[in-house]
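Some notes on the structure that comes next.
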Amino acid sequence: MKRILLSVMTVALVAGAAFAASGAFFSDTETSFDNTFQAGELDLQIDSTAHYAGLTCTEVDPGVFEWVEDVPNTSTRPDLIGEPCDGSWDLTDLFEEKFFSFSDVKPGDAGENTISLHVFDNDAWACMDISPLENDDNGLTEPEEEAGDTTGGDDEGELAQNLEFFSWKDDGDNVFEPDGNDQTPNTADDEFPLFSNVSGPASDVLNGVTYPLADSNGNVFDPLGGGPLIGSNDYFIGLAWCAGGIGISGGDISCDGDVMGNDTQSDSLTADLSFRVEQSRNNPDFVCEPLD
Ligand SMILES: [Ca+2]
Ligand SMILES: [Ca+2]
Ligand SMILES: [Ca+2]
Ligand SMILES: [Ca+2]
């Protein structure tokens, strides 16, 4: 009897303990650690590859660029082969890089730069701005005077009127590849002219102008779809130049130096080319306005 009683007491104690445990307040905790706001990044980088007179400005050693002939014994400037060159560089922010740096341009000279834009981290609107040209005469040589040039001062040059440019949306291979002779965009991959007048002298197409690349009115790289530049995509612009009259026929780009006269001798042309981007998120109405 004593043993049974002991057993009952044990059960009662156990039951009492169990009741005490389940009688605590129910609770639970979830924690979200280290809540943070950090500003995003929007970084534009640009690379360029320059071609001139059958040469390509090529990185021959890390950071060292020289003119290399595209096809042996075909360049019209063999004196430049192996010489240092500007106009080509890898993807970077721009510091002292120059798309164009030529000191001895002659009628019939022609070249091309393929420029790529790469927006990191965030989709962005983009505009291209070109400063007013400095079209200087640097004084009158005898042939200039004989050609009838009577203005020899700053901003009195004739080179800007005689250096013609053509620009197109490229796929990165430096070659203009329209859909046959059709120069209007038909597909997302199509290549087509970017200047509304197809081509023209620097004094017209590059003189203090702002070109929308992608804004709320459209996207030159994707005219069928529109919208901003997509972060992490590459976008390519071909920019061809000719000392004289540039001609576009299908995918062929020609240069006629005959129309460039002696009045341009010793003249110089200088301009700044800038690309700017602005975030597209929460900014749906952005328009590329000309800079002041
Ligand atoms: Ca001059
Ligand atoms: Ca002049
Ligand atoms: Ca191409
Ligand atoms: Ca002149």
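The values are calculated or read from the model by the stated rules, or taken from the named source; none is laboratory data. Keep in mind it's a predicted model, so treat the numbers as computed, not measured. Glycine gets a Cβ as well: all are built from the backbone with ideal geometry, and neighbour counts include every protein chain shown. Heads up: the accessible areas ignore ligands, DNA and RNA and are worked out on the full protein's heavy atoms, side chains in. Shrake-Rupley method; radii C 1.70, N 1.55, O 1.52, S 1.80 Å.
Excluding residue 291 itself, what net charge comes from residues whose Cβ is under 10 Å from its Cβ, given Lys and Arg +1 and Asp and Glu -1?
Result for the local shell: -2.
How would you rank 160-166, 144-150, highest first, on the average number of other Cβ atoms within 10 Å across their residues?
160-166, 144-150
Which far-off residues, 5 or more places away or on another chain, put their amide H under 5 Å from the one on residue 85, with H placed in the peptide plane?
Result for residue 85 returns 65, 66, 67.
Please give me the summed charge of the neighbours of residue 204: other residues whose Cβ is under 15 Å from its Cβ, Lys and Arg +1, Asp and Glu -1.
Residues close to residue 204 contribute a combined charge of -2.
In degrees between 0 and 90, to the nearest 10, how far off the longest principal axis of the chain does helix 2-22 point, with axes built from Cα atoms?
It is inclined by approximately 30 degrees.
Stretch residue 289-residue 131 to full length: gain in nm at 0.36 nm per residue minus the Cα-Cα span?
Fully extending the segment from residue 289 to residue 131 adds 55.5 nm.
How much of the accessible area of the chain, probe 1.4 Å, is carbon plus sulfur, in whole percent?
Taking all protein chains in place, the chain shows 51 percent carbon and sulfur surface.
With every protein chain kept in place and ligands, DNA and RNA left out, what is the accessible area per residue of the range 21-73? Probe 1.4 Å, answer in Å².
77
Of 165, 124, 205, which is farthest on the positive side of the dipole of the range 102-279, counting Cα position, with +1 on Lys and Arg Cβ, -1 on Asp and Glu Cβ, and the Cα centre as origin?
Of the options given, the answer is 124.
Ranked from highest to lowest mean number of other Cβ atoms within 10 Å per residue, what is the order of the peptides 176-183, 210-217?
210-217, 176-183
Could you give the nm distance between label points at residue 83 and residue 179, where each point is 7 Å from its Cα heading toward the beta carbon?
It works out to 4.3 nm between the two label points.
Calculated FRET efficiency, residue 91 and residue 151, Cβ-Cβ r, R0 51 Å, to nearest 0.05?
0.75
How would you rank 93-105, 218-230, 272-284, highest first, on the average number of other Cβ atoms within 10 Å across their residues?
In descending order of packing, they fall as 218-230, 272-284, 93-105.
Could you give the spread of the C-alpha atoms of the range 102-279 along their three principal axes, from largest to smallest, in whole angstroms?
Cα spread of the range 102-279 along its principal axes, largest to smallest: 54, 35, 24 Å.
Evaluate the distance, in nm, between pseudo-label points positioned 7 Å from the Cα of residue 279 and of residue 249 along their respective Cα→Cβ axes.
5.1
Can you list residues whose amide H is under 5 Å from residue 170's amide H, if they're 5+ apart or on another chain and H is modeled 1.01 Å from N?
Answer set, sorted by chain and number: 236, 237, 238.
Under a 1.4 Å probe, what is the accessible area of the range 102-279 per residue, stated in Å²?
44
State to the nearest 20 debye the size of the charge dipole of the range 193-292 about its Cα centre, where the only charges are +1 on K and R beta carbons and -1 on D and E beta carbons.
Dipole magnitude for the range 193-292 comes out near 300 debye.
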